[in-house]
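Heads up: the structure comes next, in structure tokens.
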Amino acid sequence: MNSDLRGGNLRKANLNGAWLMGANFSGADLSGASLLSVVVLGGAVKERPTFAGANMRGVRMIADLPNADLAGADLSEARIGVNIRNQGMGQMRTDLSGANLAGVNLAGADLNRSLMTFANLRGSNLRGANFFRVKLAGADLSNADVTGTDFTEADMDGVVLRHVKGLDQAKGLDSAQNVDRAVR
């Protein structure tokens, strides 16, 4: 709790089952790490973990991180989505509702079935990411690059799509839910 791991080398670390209340991973190297069943309890700002600017490339994560700060983090090629083959006890999913993901790199990341309602994704690189069945309602994707992003069956209710790059090359918008309610 309240651990200061700023700039730390946690490359390929096993943080499965960790409780991260108030942990600061800003600028840390978590590339290839495993953060399965990570828990954050409480809603106070001081209890929210921060991963701002962290290198989380290729991380495997199923975590409860509502309102977490991941601004500027590199989550390219990350596996954040549900693994259906490994869900015998019910569907565990990553919760990034209300998270600050501004300027994050999610290129090629798998976020299928994640909860990202009201997340701030402004200016993010979402090229080729998998947003299959992601709950994006109210999220802000202003100035993001969604070239090749798959939005199949994603909930787009109230999603802000102003000045989004590559929207004409995004996939699955024809089957996305509430796409007619997106703000353009």
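The values are calculated or read from the model by the stated rules, or taken from the named source; none is laboratory data. Keep in mind it's a predicted model, so treat the numbers as computed, not measured. Methodologically, a virtual Cβ is constructed for each residue, glycine included, from the backbone with ideal geometry; neighbour enumeration extends over all protein chains shown. Calculation scope for accessible area: heavy atoms of the full protein, side chains included, ligands and nucleic acids excluded. Shrake-Rupley method; radii C 1.70, N 1.55, O 1.52, S 1.80 Å.
For the reader, a short list of remarks on this structure follows.
- Sorting the segments 136-146, 58-68 by their mean number of nearby beta carbons within 10 angstrom, highest to lowest, gives 136-146, 58-68.
- In a reduced charge model with +1 at each Lys and Arg Cβ and -1 at each Asp and Glu Cβ, the range 100-184 shows a dipole moment near 180 debye about its Cα centre.
- Largest accessible area first, the listed residues Lys135, Lys165 line up as Lys165, Lys135 when surface is computed with a 1.4 Å probe on the assembled protein chains.
- The convex hull built on the alpha-carbon positions of the range 92-132 has an orientation-averaged projected area of 2.6 nm².
- Estimated D of the chain in µm² per second, where Rh is the Kirkwood radius over Cα pairs and Stokes-Einstein applies at 37 °C, 0.692 mPa s: 206 µm²/s
- Total formal charge among the other residues, if their Cβ is under 15 angstrom from that of Leu10, Lys/Arg +1 and Asp/Glu -1: +2
- Ligands, DNA and RNA left out, the accessible area of the chain computed with a 1.4 Å probe is 46% carbon and sulfur.
- Counting only Cβ charges, +1 for Lys and Arg and -1 for Asp and Glu, the dipole size of the range 113-161 around its Cα centre is about 140 debye.
- Remark: the chain carries 45 Å² of accessible area per residue (probe radius 1.4 Å; ligands, DNA and RNA excluded).
- 12 Å Cα-Cα reach of Lys171 towards aspartates and glutamates, excluding residues that sit fewer than 8 places from it in its own chain: Asp150, Glu153
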